[in-house]
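Okay, structure first, notes after.
The values are calculated or read from the model by the stated rules, or taken from the named source; none is laboratory data. Quick caveat, the model's predicted, so the values are computed rather than measured. Here the Cβ positions follow ideal geometry from the backbone for every residue, glycine too, while neighbour counts run over all protein chains shown.
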Protein chains: 2
Amino acid sequence: MRIVVLGGGFGGMYTARALRRRLGPEVEVELINAENYFVFQPLLPEVGAGSITPAHAVSPLRFILKGVTVRKAVVDSVDFARKAVIVFQGIQRRPTEVPYDHLVIALGQGTDFSRMPGLEEHALKMKTLEDARRLRIHVIEQLEHAQVTNLPDTKRGALTFTVIGAGFSGVETVGEMKELIDRSLPFYPKISPDEVRVKLVEFAPRILGEMPQELADYAAKHLQKHGIELMLETGVKSCTHRQLVTNKDEVIDTRTIVATIGNAPLPVVLRMGLPLQHGRLKVERNLRVEGREDVWALGDCALIPMKEGASERNDFAPPTAQFAVREADRVARNIAAVLGGRAPEPFAYRSRGALASLGARRGVADLMGFKLKGFPAWIVWRAYYLALLPGLGTKVRVMLNWTLDMLGARSLVQLRSYRKPPMRYVYFRAGDRIYNEGDRSDGFYTVISGALEMDRTDPETGETLTRRLGPGDHFGERLILGATRRRTTVRAVEDSKVLVMNRQEFLMLAEGFEAFRDYFRPYMEKHGVELPGAGSDKDG
Amino acid sequence: MRIVVLGGGFGGMYTARALRRRLGPEVEVELINAENYFVFQPLLPEVGAGSITPAHAVSPLRFILKGVTVRKAVVDSVDFARKAVIVFQGIQRRPTEVPYDHLVIALGQGTDFSRMPGLEEHALKMKTLEDARRLRIHVIEQLEHAQVTNLPDTKRGALTFTVIGAGFSGVETVGEMKELIDRSLPFYPKISPDEVRVKLVEFAPRILGEMPQELADYAAKHLQKHGIELMLETGVKSCTHRQLVTNKDEVIDTRTIVATIGNAPLPVVLRMGLPLQHGRLKVERNLRVEGREDVWALGDCALIPMKEGASERNDFAPPTAQFAVREADRVARNIAAVLGGRAPEPFAYRSRGALASLGARRGVADLMGFKLKGFPAWIVWRAYYLALLPGLGTKVRVMLNWTLDMLGARSLVQLRSYRKPPMRYVYFRAGDRIYNEGDRSDGFYTVISGALEMDRTDPETGETLTRRLGPGDHFGERLILGATRRRTTVRAVEDSKVLVMNRQEFLMLAEGFEAFRDYFRPYMEKHGVELPGAGSDKDG
């Protein structure tokens, strides 16, 4: 008998644990997760702000799941007829089949920004540990940059930080981020505190929609007092590599956009072909996927009715860690029941409340209707999550992190500037400069949509020649001639989407791929340049 | 008066510190470094083995250099005539000029693997914090993979770990890496300890050439006792993505190659056009660059004569942290002297000894001729480096890391599988499979050199059709048709170099770049596929 759990978040990890405890050694429990660790999601904003180092906000699944087979692999699909999960593991390119008798789906949710052009390409997320780590690096990078730049526009963009979505994740992220900035500024003498702008953008008329009004009001006041601007009833229309445009057509110059919105089903869940509702798996009250005897689902990827005929949002279990842990227990009990020939029971749980930290040692807490604000709420917040952390080692590490953070200055180490992907789409708004004459030649550009203009100064007459570029046109190929500085200025005349390829990759392709080289050959011959590469081997 | 220091390692950081202490407030001291932190190089092997988290092995330069202007920027070149350093900072693409009155060059060394084909592409290094972090992730990834694979060849490759070079860095890396593996194995039930092979490859007939014979012998015995195989008098000829070939034509199946050899001048130092000897800047005994009044050099990038008429290796200062710290003090004194109208003095220092940790709480130490081995040497090693760490905060953090590491299991968290660059060169040896029929279609390949064969089974006759591929040929373009699995098997028939482009980047390029699309259009039309993209916008 084999039970396979997909996903190692709160839902999956606690299900595997409970199954192992409830079932005898004749039942094998296997957990499949893309990472080999459990991420403590509620601490991600603290990782993003640097009060906890990334390695300390997570626990290796193999440590906390004794007796469970842990498989680090990416789930590709499920063959329900043959009762097998198809995975790709490690560097292997061959699929592996993992058979199951019962399957538990706890894969969580992904994001979908497709209605907001540019957001996928230019926004940071707060879903994974890597996201949080990257946010911290990115924020420090902006400070470093603001410290040295002489261009006021560039400085303003670098010092404007935007968080989209004012749910728990957005509020905690913006609060923690502001604290990181405030504590770092003393080390950046050329940045004045009043140059820093931090904005929280929320579509609803208030923040923390899941919390009682009184606590949300307190939270809003706290954030404002600490210099965070709340932009309520404001949606996001689009963004570019340096601007965010709201649904009121306000344009914010910002190099930092953190999106905590846009939950959507993961592609792998969609591929399963199971019944969905509101983008989540339809399950019965006992957490069994509708129409399946041997497939269960819980956590953020499942829509779990808390009563018969559920239809309102409040009739379903909310997608929180608190509920996922309880759902895990119910799934494990129900699978044990079914294996023992008994009937599974419906999931029932009443929320014990909600907690949010606001940064600067303040928080809000609603505990069974009992409301806490400020420092006491923040202490409860820390204590609660410390208690929930799996494994003594992790608890000790997080506690030490917190202690060190309170004692000293927060580390400004920018562990690695996040290198932009070598090939990527970039959005520009009408009027944006793509590059200026004299800039470093760092890439090759192809227009996907929109329109651009290129200005070139004629070296003899001194006249400016302008050329219009549209979809399919490209520029920046002087790289192939060994160019290091731009001779032209390019700007967008319409909102445009451009494919950018870094210098190194462009040159590799020009060396390696014949069609590419053939295409540029006339251009190179015109300039008297010959490119070494596979072609010349062939001729020789 | 402005003094600019290039490089924030031991040499540069300590120079800036000493200058700040010695000179009055009328002298501005600026340090330029690509990262905003000082890396404590001797601890990198411990970061690589996970006993210290990356953020704790470094100190933010802004914390430890009070009163010094810290500029996070990449040095592009130096204009000695105009006395200005040209840098690129942050995301800015315009160069910035930083003027100086005196310039101190302490940029360290780079690596050059050009004599060993494949090493640059397939070996890990141990130069930067990122290198160390990546090594740890890579080692855990191999264990995860060995745990799940069913293929004996793959498992052997995953469990063979090779370190090239048995100097301090190589010996400490191999020792620490073995300890990480040994302590992790209990959590990987499908890996037997006797399946793990760890090899240290050294061209010389002994390890730790800088240490007395007696200590090197002890170290060699210790490593062997802990299951590390020493391959002495062995050079590296080439390597591929899964093999290392020695100069004796022995072929080692290994997925892990750590290269601690191949020191070479950095391109930026070469571009300066200053006099070089043995790939290092020629300086006078007083650390002034030959022929320059206002340029000084120290640390690994400089060749520093310790006596008149120096010619033997031992006549020059060795490239160690111990010497760099002393050289820094001398440079600062000499600049102060010159500014005060006095003559600079020659650098003089006698080594206080050498230390190496061997993993498993053992080390070797040679302290002014007094030799220590085993646990006492290891304690001295830790105490010495703890004392040398700049800043109390860092000292406390490193001590806590060590304490936690001794108390509990070492974390197995594989923070992020290191994603291969989307476009890269890969080396194959004759006989290697590039991919098999049925594998996941993960990339597009172009042959740079060598020869490959592609086998395809005719679906009607069942016959195997073989096609030979040479330089300029490409394969894997079925991606463009939406293919997800390979229909052919490709193998190298000669040693070959191939350019690989990942699926996603290939599709972006096919969408965005017209020449690319035009090239593949006949192929797509033959298969009845139309590709969306800029071209269709244009037609419409």
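Name the residues in segment A:31-55 that are part of a helix (DSSP H, G or I) and either of a type in the set (S, T, N, Q) or at the interface with chain B (Cβ under 7 Å from one of its Cβ atoms) (or both), would you?
Hits for segment A:31-55 are A:Q41, A:P54, A:A55.
Checking the structure you have, find out if any residue of segment A:358-366 is more than 20 Å from A:F40 (Cβ to Cβ), out of contact with any helix residue (DSSP H, G or I) (no Cβ under 8 Å at 6 or more places or on another chain) and either modelled with pLDDT of 95 or more or not in a helix (DSSP H, G or I) (or both).
Among the residues of segment A:358-366, not one is more than 20 Å from A:F40 (Cβ to Cβ), out of contact with any helix residue (DSSP H, G or I) (no Cβ under 8 Å at 6 or more places or on another chain) and either modelled with pLDDT of 95 or more or not in a helix (DSSP H, G or I) (or both), which makes the answer no.
Go through A:D131, A:D153, A:D182 for me and flag whichever is closer than 23 Å to A:F10 by Cβ and assigned by TED's automatic domain parsing to the domain that holds A:V258.
Only one candidate passes the filter, namely A:D131.
How about segment B:56-77: which of its residues are within 25 Å of the chain's Cα centre (by Cα) and outside any helix (DSSP H, G or I)?
Scanning segment B:56-77 gives B:V58, B:S59, B:P60, B:V70, B:R71, B:K72, B:A73, B:V74, B:V75, B:D76, B:S77.
Report every pair of residues separated by at least 6 positions or lying on different chains whose Cβ atoms are under 8 Å apart, first residue within segment B:423-441 and within 14 Å of another protein chain (Cβ to nearest Cβ) and of a type in the set (V, I, T), second part of a loop (DSSP other than H, G, I, E, B) and surrounded by 14 or more Cβ atoms within 10 Å (Cβ to Cβ).
B:V426/B:T240; B:V426/B:H241
Inspect segment A:288-305 for any residue being of a type in the set (D, E, K, R), modelled with pLDDT of 95 or more, closer than 23 Å to A:I181 by Cβ and surrounded by fewer than 20 Cβ atoms within 10 Å (Cβ to Cβ) and give the result as yes or no.
Within segment A:288-305 (the criterion being of a type in the set (D, E, K, R), modelled with pLDDT of 95 or more, closer than 23 Å to A:I181 by Cβ and surrounded by fewer than 20 Cβ atoms within 10 Å (Cβ to Cβ)), the answer is no, since none of the residues qualifies.
From A:G528, A:G462, A:G438, grab the single residue that is on the phi > 0 side of the Ramachandran plot and modelled with pLDDT under 85.
Within the list A:G528, A:G462, A:G438, the selection yields A:G528.
(1) modelled with pLDDT of 95 or more; (2) under 21 Å from B:M13 (Cβ atoms): which one isn't true of B:F316, the others all being true?
(2)
Go over the candidates A:R133, A:R115 one by one and state the one that is among the charged types (D, E, K, R), buried (at least 23 other Cβ atoms within 10 Å of the Cβ) and over 20 Å from B:Q89 (Cβ atoms).
Checking each option against the conditions leaves just A:R133.
Taking segment A:84-110 on its own, how many of its residues are in contact (Cβ under 8 Å) with a residue 60 or more places away in the chain and crowded, with 18+ Cβ neighbours inside 10 Å?
Selection size over segment A:84-110: 12.
Taking A:L372 and the conditions (1) part of a helix (DSSP H, G or I); (2) more than 26 Å from the chain's Cα centre (by Cα), which numbered condition does it fall short on, given that it satisfies the others?
(1)
Show the residue pairs meeting these rules: Cβ distance below 6 Å; 6+ apart or different chains; first residue within segment B:195-220 and assigned by TED's automatic domain parsing to the domain that holds B:H145 and modelled with pLDDT of 95 or more; second residue part of a loop (DSSP other than H, G, I, E, B) and hydroxyl-bearing (S, T, Y).
Partner pairs satisfying both residue conditions: B:V201/B:T234.
Taking the residues in segment B:95-143 that are of a type in the set (S, T, Y) and in a strand (DSSP E or B) as candidates, determine which candidate is farthest from the other protein chains (Cβ to nearest Cβ).
B:T111
Quick test for you: out of B:R517, B:R478, pick the one residue that is basic (K, R), away from every other protein chain (no Cβ under 12 Å) and surrounded by 17 or more Cβ atoms within 10 Å (Cβ to Cβ).
Only one candidate passes the filter, namely B:R478.
In this structure, does A:L386 turn out to be more than 23 Å from A:V498 (Cα to Cα) and part of a loop (DSSP other than H, G, I, E, B)?
Taking the combined requirement at face value, the residue does not satisfy it.
What single numbered condition from (1) of a type in the set (S, T, N, Q); (2) in contact (Cβ under 8 Å) with a residue 40 or more places away in the chain; (3) more than 10 Å from chain B (Cβ to nearest Cβ) fails to hold for A:S449?
(3)
Within segment B:305-320, take every residue that is in a loop (DSSP other than H, G, I, E, B) and closer than 30 Å to B:F40 by Cβ and give me the one that is farthest from the chain's Cα centre (by Cα).
Out of the qualifying residues, it is B:A310.
Take the residues in segment A:27-50 that are modelled with pLDDT under 95 and among the charged types (D, E, K, R); name whichever of them is farthest from A:I140 (Cα to Cα).
By that ranking, first place goes to A:E35.
Return yes when A:R491 is within 12 Å of chain B (Cβ to nearest Cβ) and surrounded by fewer than 20 Cβ atoms within 10 Å (Cβ to Cβ) and no when it is not.
Against the criterion (within 12 Å of chain B (Cβ to nearest Cβ) and surrounded by fewer than 20 Cβ atoms within 10 Å (Cβ to Cβ)), A:R491 does not qualify.
For segment A:235-263, which positions are part of a loop (DSSP other than H, G, I, E, B) and crowded, with 18+ Cβ neighbours inside 10 Å?
A:T240, A:H241, A:R242, A:T254, A:R255, A:T260, A:I261, A:G262, listed by residue number.
Out of all the residues in segment B:194-234, which are charged (D, E, K, R) and surrounded by 16 or more Cβ atoms within 10 Å (Cβ to Cβ)?
If the condition is that a residue be charged (D, E, K, R) and surrounded by 16 or more Cβ atoms within 10 Å (Cβ to Cβ), then B:R197, B:K199, B:E202, B:R206, B:D217 are the ones that fit.
Can you name every residue in segment B:378-393 that is in contact (Cβ under 8 Å) with a residue 40 or more places away in the chain and either among the charged types (D, E, K, R) or more than 9 Å from chain A (Cβ to nearest Cβ) (or both)?
B:Y385, B:L388, B:L389, B:P390, B:G391 - these are the residues of segment B:378-393 that are in contact (Cβ under 8 Å) with a residue 40 or more places away in the chain and either among the charged types (D, E, K, R) or more than 9 Å from chain A (Cβ to nearest Cβ) (or both).
Evaluate segment B:211-224: report whether one residue or more is basic (K, R), more than 20 Å from the chain's Cα centre (by Cα) and part of a strand (DSSP E or B).
no
I'd like to know if segment B:163-176 contains one or more residues that are within 23 Å of B:L44 (Cβ to Cβ), of a type in the set (D, E, K, R) and assigned to a helix (DSSP H, G or I).
yes
In segment B:395-422, which residues are within 10 Å of another protein chain (Cβ to nearest Cβ), at pLDDT 80 or above and either over 21 Å from B:L180 (Cα atoms) or part of a loop (DSSP other than H, G, I, E, B) (or both)?
Once the filter is applied, which keeps residues that are within 10 Å of another protein chain (Cβ to nearest Cβ), at pLDDT 80 or above and either over 21 Å from B:L180 (Cα atoms) or part of a loop (DSSP other than H, G, I, E, B) (or both), segment B:395-422 yields B:V396, B:P421, B:P422.
In this structure, is B:L124 out of contact with any His (no Cβ under 9 Å at 6 or more places or on another chain), more than 12 Å from B:I228 (Cα to Cα) and of a type in the set (A, V, I, L, M, F, W, C)?
no
Which condition number does A:A383 fail, the rest of (1) under 25 Å from A:D182 (Cα atoms); (2) modelled with pLDDT of 95 or more; (3) small (G, A, S) being met?
Result: A:A383 fails condition (2) only.
Please go through (1) acidic (D, E); (2) within 25 Å of the chain's Cα centre (by Cα); (3) within 14 Å of chain A (Cβ to nearest Cβ) for B:D153 and return the number of the only condition it doesn't satisfy.
Answer for B:D153: the failing condition is (2).
Scanning for something under 20 Å from A:T173 (Cβ atoms) and under 28 Å from the mean Cα position of the chain (by Cα), does segment A:338-353 turn up at least one residue?
No, the conditions are met nowhere in segment A:338-353.
If a residue must be more than 7 Å from chain B (Cβ to nearest Cβ) and either more than 17 Å from A:G7 (Cα to Cα) or polar (S, T, N, Q) (or both), how many such residues does segment A:80-94 contain?
4
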